[in-house]
Amino acid sequence: VEFIAVDCGEGAAPDAYAALVKKADGAGRPLILNVKDEACAKAALDVCKDKKPILNAADASNYEAMSKLAADASVVLGVTGASAEELYDTVAALEKAGNKNLILDLGTASVKDAFEKAVLVRRAALKDNDRTFGYPSIVNVGKLASGDSHMQAALAALFTMKYGSVVVMEEMSY
């Protein structure tokens, strides 16, 4: 499946982000809403919630509000953390609150960090039977190797083999 990832810049107005999401929604592809601001997330979901986008929005600072938005719209909630420990704690808190419709964002700090998280998350889920990390994952290779299509292709191959359920690229050629 080909998704369109729609990033919300820091300080973006909710109306402007909603207009961008509406334009992307017109392409007829599923959407990934990369947003941290609650008002922008709500405005975007008002435009496209019927098409069931991924709301890639939760972190340790906002998971309660984003979980409520995702649950009210019946969409998958993307969760990220600055470290594997923070990601684990945030997922555990979301599960405790009753939200198990999640996808794990492995982050974009560095290729090394994303790869380590991918292996650690999957190993914990499979080998250690820790269901807290038993969710699919998103890897944004477009941000890990911005502007370098060859590196993005190499990273897409790597993360396809090493536990990336959804791989986001800047563009795709066939």
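Where a number appears in this text, it was derived from the coordinates with a stated rule and is not lab data. Nothing here was measured: the structure is a model prediction, and the numbers come from that model. Cβ atoms come from the backbone with ideal geometry, glycine included; neighbour counts cover every protein chain shown.
Laid out as a table, the results:
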item	result
Cα centroid separation - the range 129-150 against the range 80-99, whole Å	16
In order through the range 88-101: 3J(HN,Hα) via Karplus (6.51 cos²θ - 1.76 cosθ + 1.60), integer Hz, x for Gly, Pro	4, 5, 5, 4, 4, 5, 5, 5, 4, 7, x, 9, 10, 9
Anisotropy class of the range 133-174 from Cα gyration tensor, a/c 1.5 cut	prolate
Modelled label reach - LYS52, point 7 Å along Cα→Cβ, the range 75-102 residues with backbone N closer than 19 Å	75-79, 99-102
Cross-link table LYS23/LYS127; LYS22/LYS100; LYS49/LYS127; LYS36/LYS96; LYS22/LYS127, entries beyond 32 Å C-alpha to C-alpha	LYS23/LYS127; LYS49/LYS127; LYS22/LYS127
Sequence-distant residues sharing a close amide H with ILE103 (under 5 Å, placed H)	LEU77, GLY78, VAL79
Spatial extent of the range 16-117: Rg and Dmax, with the Cα atoms as the point set, Å	13.5, 38
By average C-beta atoms within 10 angstrom, highest first, the peptides 53-62, 143-152, 13-22	53-62, 13-22, 143-152
Listed values [x] 15.4, 45; [y] 15.9, 56; [z] 15.8, 48, entry calculated as Rg and Dmax of the Cα atoms in Å	[x]
